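Working notes, beginning with the structure itself.
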Amino acid sequence: MTKLVRYVCRASGHQQLSLFDAQAPWSPNPLTLREGAWAYCPIGAQEAHDWEQIADRLIDDLREETERTISAAQSGGSA
Ligand SMILES: [Zn+2]
């Protein structure tokens, strides 16, 4: 099933790709339900989000774009 996302997390500390760390107290889960719609946080944190409401977007589309943005920021930021 294709999911539509209505909220994106813009918290500065959350703009990283989620890493599956067995030591973490929580499992990264980029998608959560928020007020009846899907909300996407790149790192999949559980709290301290800064949600921005967007026009509904396909999760695959949004995730691909976000990962590209994060990768670009990490590899080319200080070059
Ligand atoms: Zn977040």
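Quick one: in region 6-22, of everything that is of a type in the set (A, V, I, L, M, F, W, C) and surrounded by fewer than 17 Cβ atoms within 10 Å (Cβ to Cβ), which residue is modelled with the highest pLDDT? So the residue we want is A11.
Cβ-Cβ distances below 6 Å connect the following pairs, each with a first residue in region 46-59 that is under 13 Å from N29 (Cβ atoms), a second residue that is more than 8 Å from the ligand (Cβ to nearest atom) and hydrophobic (A, V, I, L, M, F, W, C), and a separation of six or more residues or different chains: Q46/W26; I59/V5. Of the residues making up region 23-45, those that are near the ligand (Cβ under 9 Å from one of its atoms) and modelled with pLDDT under 85 number 0.
The values are calculated or read from the model by the stated rules, or taken from the named source; none is laboratory data. Everything quoted here is computed from the prediction, not taken from an experiment. A quick note on method: Cβ atoms are made from the backbone with ideal geometry, for glycine too, and the neighbour counts reach across all protein chains shown.
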